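The values are calculated or read from the model by the stated rules, or taken from the named source; none is laboratory data. In this text the structure is predicted, and so the values were computed from the model without any measurement. Using ideal geometry, Cβ is built from the backbone for each residue, glycine included, and neighbour counts are taken over all protein chains shown. These accessible areas exclude ligands, DNA and RNA; they are computed on the full protein's heavy atoms, side chains included. Shrake-Rupley method; radii C 1.70, N 1.55, O 1.52, S 1.80 Å.
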Amino acid sequence: MGLLQEAIFGLVTGSYIAIAAIGFTLIYGIVNMINFAYGEYLTLGAFIGLVAATALPVPLPVAVLVAMIGGGIVSIVLARGFFTPINDTGPVPMLLTSIGLGIALRNAIRLVGGRSARYFDTETATFRFDAVPSLSIGPIDLLGGFFITSEHLIVIGAAAAVFVAIHGLLTRTDVGIAMRAMGDDESLARVRGIDTQLIRDSVWILAGVLAGLAGVLMAIQTNVSADTGFSHILQILSAAILGGAGSPYGAILGAYVIGLVLAVSTAFLPSSMTGLSSAVAFVILIGVLLVKPSGIAGTEVREA
Amino acid sequence: MSLLSTDGLVKEFGGLRAVDDLSVSVEEGEIVGVMGPNGAGKSTFFNCVSGVIKPDAGTVTLDGADVTGDAPESLAHRGLVRTFQDTRELETMTVRDNVRLAAPDQPGERTLPALLRSGAMQDHEATVRERADELIETFELDHLADEYSSNLSGGQRKLLELARALMLDPEVLMLDEPFAGVNPTLTREIADRIRDLNEKGMTVVVIEHEIETLSELVDRLVVLQQGGLLVEGDPEDVLSDERVIEAYLGGADE
Amino acid sequence: MSALDKLPAGHGDRALLAGVVCLLVGALFAFTPMRAQLPSFLYVFVEVGILFVVYGLLVLGLDLQYGHAGLVNFGHVVFFAVGGYATAMLSAQDSFSGIALGYPWPIGLAVGVLAAAVLGLGLSATSIRLRGDFLAIVTLATAEIFHSVFVNFQGIFGGNVGILGVPRPIAALVADGDTRLVATLFVLGGVTLVTLAAVTRLTEAPYGRVLRAIRADELVTRSLGKSTITYKTQAFVYGAALAGLAGGLFALYNGAVAPGFFTIQVTVTIWIGMLLGGAANHRAVLAGLAIIMGLRLVSRFALDVTPVSGDVFASIRLIVVGMILVAVIRYRPAGIWGNAQELGVDR
């Protein structure tokens, strides 16, 4: 397979990671916590979408909408139940709480949803571009024929729509502007009369909606099981930190870097070691934290 | 030669010069007061000298050695010890442990003697305990010795911080607002202690807003404004200086 | 009055005594014809007990890092794994997967401890200045990287199968299964107790005072003349070395290592045990770990009397474990036996 094909896969992976990473990084920036249970929000969103699409059944776009609403509700309920009460205990207790909540949620999902992977029943159109000539350097083919499916296009298109919507929200609406102000300096925001709890709640809902969407997109691409979200949480986290924790725009950039690195390293690694591609993403994450802890754009995370 | 001096010290925060070309020197055995309106750069000056932050330019000299940018721990070893404006107690430790911790050169702070409970560690620790208890008693904290320092009042914290600093037997003691939030009786008491220490030969630098107490206490006053040196000299002369009066009146609306 | 009377000499030395006694009893089983017989219902207790004392080494090291020095290491399993793999690769006689060098096991164990310590040194040299939650992420990611390296480099680490044929020194001495288990429990339990004595001495000495001061306020500790980076590095490396020891002992008990023994679940278990018992209190963290691992026993027994499948039961147990972590942090942040004022969570 040519590098071009891998790049398309990377673009697709980057797209759903980007949607999730925006939600993750908004929580980090405004609630000041690393939410390790966020992967489970994706899984829940995917399952909600799946149930809507199969049990009700509703058409896929409606199911996506149901998953987003469901994700938002799940997120705010969990936040109110678990995170808001311990808001001022600091980042480490909040991180630990999210780890505990994640374990509990993951296993509850497994209990209810079973162990097997489930699939969205979608009709796929595949567009082939076999005429592209190969451009080989050693064993690596830089161009080569490639294909793209309607599912790929849906994921990439959805991500683009989310970026536009998030940009509009953060720059044009009162809530979004307040979110940015709070991310910069919470006490200053409070002094200016911003209802910080209201903004926090809005962020939780928004992050849940994004998780619901990302979860369904991930499930359409591959499948959904109890571990779907969890197996992506470190990639989401890497994307967010790479882009500078707390910065939504950085998270988008970081997500595509991660997505492309994952895909390209799959191309370069011997076939018996493709499992290492996720390790490559973590190596990047650690590298970023050590060399430029503030990411591509963001705040200092070193002490003293 | 002076014991402690800065030459052309500069520190910027986001383009704002908190300390701007500041040259100050302190002679051995002196008590020097540092004052100035809010934002004059007093605490930044302290932080640069004590190694908490690195100055952007200029030098700090201690006892003839260039110590610019040295870490706080190495300055403490050289005999320069400071307290903090926002009394930083080790709140999760008792008063006793706060003071004992500061003891220098404890062999029990290394792994092997600690594991083996070496004789050297035990002998040293016995001395440390005695010395710490003496200091705690001197500062009339003995009834609180086993309390966690988070339970102390503001004034008691100032006393504890002073006792803890003295455990290091410093040559230069730098006090950042030792009287802030302390009642008048205790203020006088702390001032007396500082004077005693100075009479025994300790060099002391004090930042303080409480001008009356400060001017009675110190040999010399240094007034900062906008990060630079405004006036220095004998307390009485300084306080009657036009520029100082103006600086303080001008700063009153801050 | 000598200085000795003033120093606390209680728990640590009792643990040392108990540890030595355990080691002697273990040696008695191993080297003499003395035999033990286990009633069949006790098997599972002894098996979980062995795993508990091995994890005990992990939790003692983690508590030195987090409970005392405040270092948030969320990848502790990586040191356990590195210790286990290094020991296994050096000492395994022959393994149909991965590297097996066949050196005597004491060399393997020593290299296991060393490898874990060196990894700890490398990690702390690069990351120890990071803020708590980011240190947690770096350590966690490191553990994941190593996990996928172990899985993917089949020629070296044996992939998912791992490395087999690791010598089992106690099994080599004792043929009879019951006695072997009991001897293993005593020997490994003895090692854990001796370790408990050592960390207790370390933390009751002025050394521990410095660690707790760093946890409270690093800048103040520095301005009192303590080189805090040195102490943080030491605490981190000691914890890593202990985990490496645990990994090596585990490999020598189990006779094999595989990625499945070294998952993030291990890290989670010891973290929950530590927080439940009460960080910064060595005996409390062991007790907390005992409670969490006791849940495994409960679920095993409950499994026998209820008609649901093992999978279902495992899920329920993990839901309970997750909720315990959440509840402890919210309602009892100092753990069951921890000191809230000492941990700064009494606000």
Seminar exercise, completed: Of the listed residues (C:Ile272, C:Ile292), the one being touching a Leu at 6+ places or on another chain (Cβ under 6 Å) and farther than 24 Å from C:Gly112 by Cα is C:Ile272
Exercise. Within segment B:193-213, can you find the residues that are at pLDDT below 90 and over 28 Å from B:Ser74 (Cβ atoms)?
Worked result: B:His209, B:Glu210, B:Ile211, B:Glu212, B:Thr213
For this session: Among the residues of segment B:63-83, write down those that are away from chain C (no Cβ under 14 Å) and touching a residue at least 60 places away in the same chain (Cβ under 8 Å).
Result: B:Asp63, B:Gly64
Exercise. Taking segment C:293-303, which residues are more than 13 Å from C:Leu276 (Cβ to Cβ) and either more than 14 Å from chain A (Cβ to nearest Cβ) or in contact (Cβ under 8 Å) with a residue 60 or more places away in the chain (or both)?
Worked result: C:Arg296, C:Leu297, C:Val298, C:Arg300, C:Phe301, C:Ala302, C:Leu303
Exercise. Would a scan of segment C:38-47 turn up a residue that is charged (D, E, K, R) and modelled with pLDDT of 95 or more?
Worked result: no
Exercise. Looking only at segment B:136-148, which residues are under 13 Å from B:Asp97 (Cβ atoms), open to solvent by 10 Å² or more (accessible area, probe 1.4 Å) and away from chain C (no Cβ under 12 Å)?
Worked result: B:Leu144
Problem set entry | Criterion violated by A:Arg190 - all others in (1) charged (D, E, K, R); (2) without any contact (Cβ under 8 Å) to a residue 12 or more places away in the chain; (3) not in a helix (DSSP H, G or I) satisfied | (3)
Problem set entry | Residues satisfying the stated conditions in segment B:62-82, i.e. open to solvent by less than 10 Å² (accessible area, probe 1.4 Å) and of a type in the set (Val, Ile, Thr) | B:Val67, B:Val81
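Does segment C:319-341 contain at least one residue that is in a helix (DSSP H, G or I) and more than 12 Å from chain A (Cβ to nearest Cβ)?
The initial filter retains those residues of segment C:319-341 that are in a helix (DSSP H, G or I), namely C:319-331, C:340-341.
If we keep only those that are more than 12 Å from chain A (Cβ to nearest Cβ) too, we end up with C:340-341.
Checking segment C:319-341: at least one residue is in a helix (DSSP H, G or I) and more than 12 Å from chain A (Cβ to nearest Cβ).
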Problem set entry | Long-range neighbours under 7 Å by Cβ, at least six apart or interchain, first residue among the basic types (Lys, Arg) within segment C:113-137, second open to solvent by 20 Å² or more (accessible area, probe 1.4 Å) | C:Arg129/A:Arg302; C:Arg129/A:Glu303; C:Arg131/A:Arg302; C:Arg131/A:Glu303
For this session: Considering (1) within 23 Å of C:Ala125 (Cα to Cα); (2) open to solvent by less than 20 Å² (accessible area, probe 1.4 Å); (3) polar (S, T, N, Q), say which one C:Thr200 fails and leave the rest.
Result: (1)
Exercise. Are any of the residues in segment C:232-254 within 11 Å of chain B (Cβ to nearest Cβ) and open to solvent by less than 40 Å² (accessible area, probe 1.4 Å)?
Worked result: yes
For this session: Can you tell me which residue within segment B:111-127, out of those that are at the interface with chain C (Cβ under 7 Å from one of its Cβ atoms) and open to solvent by 10 Å² or more (accessible area, probe 1.4 Å), is farthest from B:Leu166 (Cα to Cα)?
Result: B:Leu115
For this session: Can you tell me which residue among C:Thr263, C:Thr228, C:Thr306 is open to solvent by 10 Å² or more (accessible area, probe 1.4 Å), at pLDDT below 95 and either within 12 Å of chain B (Cβ to nearest Cβ) or under 14 Å from the mean Cα position of the chain (by Cα) (or both)?
Result: C:Thr263
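If we only count helices (runs of 4 or more DSSP H) wholly inside segment A:1-116, which ones have 1 or more residues that are open to solvent by 30 Å² or more (accessible area, probe 1.4 Å) and more than 14 Å from every other protein chain (Cβ to nearest Cβ)? Explain how you work it out, then say what you get.
Numbers: elements: A:3-31, A:38-54, A:60-78, A:91-113.
Of the helices (runs of 4 or more DSSP H) lying wholly inside segment A:1-116, those with at least 1 residues that are open to solvent by 30 Å² or more (accessible area, probe 1.4 Å) and more than 14 Å from every other protein chain (Cβ to nearest Cβ) span A:3-31, A:38-54, A:60-78.
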Seminar exercise, completed: Subset of segment C:309-318, residues open to solvent by less than 50 Å² (accessible area, probe 1.4 Å) and more than 7 Å from chain A (Cβ to nearest Cβ), comes to C:Gly310, C:Phe313, C:Ala314
For this session: Considering (1) open to solvent by 30 Å² or more (accessible area, probe 1.4 Å); (2) of a type outside the set (Val, Ile, Thr); (3) more than 7 Å from chain C (Cβ to nearest Cβ); (4) under 25 Å from B:Leu80 (Cα atoms), say which one B:Glu91 fails and leave the rest.
Result: (3)
Exercise. If A:Leu290 passes every condition in (1) more than 27 Å from A:Pro61 (Cβ to Cβ); (2) modelled with pLDDT of 80 or more; (3) of a type in the set (A, V, I, L, M, F, W, C); (4) in contact with a Leu (Cβ under 9 Å, 6 or more places away or on another chain) but one, which one does it miss?
Worked result: (2)
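Residues that are open to solvent by 30 Å² or more (accessible area, probe 1.4 Å), away from every other protein chain (no Cβ under 14 Å), under 16 Å from A:Gly259 (Cβ atoms) and not hydrophobic (A, V, I, L, M, F, W, C): does segment A:208-230 have at least one? Quick ask: steps written out before the conclusion?
To start, the set of residues in segment A:208-230 that are open to solvent by 30 Å² or more (accessible area, probe 1.4 Å) comprises A:209, A:221-223, A:227, A:230.
Then drop every residue that is not away from every other protein chain (no Cβ under 14 Å), which leaves A:209, A:221-223.
Checking the rest, the ones that are also under 16 Å from A:Gly259 (Cβ atoms) come to A:221-222.
If we keep only those that are not hydrophobic (A, V, I, L, M, F, W, C) as well, we get A:221-222.
Yes; the residues of segment A:208-230 include at least one that is open to solvent by 30 Å² or more (accessible area, probe 1.4 Å), away from every other protein chain (no Cβ under 14 Å), under 16 Å from A:Gly259 (Cβ atoms) and not hydrophobic (A, V, I, L, M, F, W, C).
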Problem set entry | Set C:Gly12, C:Gly112, C:Gly19, C:Gly26: member being assigned to a helix (DSSP H, G or I) and at pLDDT 95 or above | C:Gly112
For this session: Filter segment B:1-18 down to residues that are within 18 Å of the chain's Cα centre (by Cα) and either open to solvent by 40 Å² or more (accessible area, probe 1.4 Å) or in the same structural domain as B:Leu221 (by TED's automatic domain parsing) (or both), then give me how many there are.
Result: 0
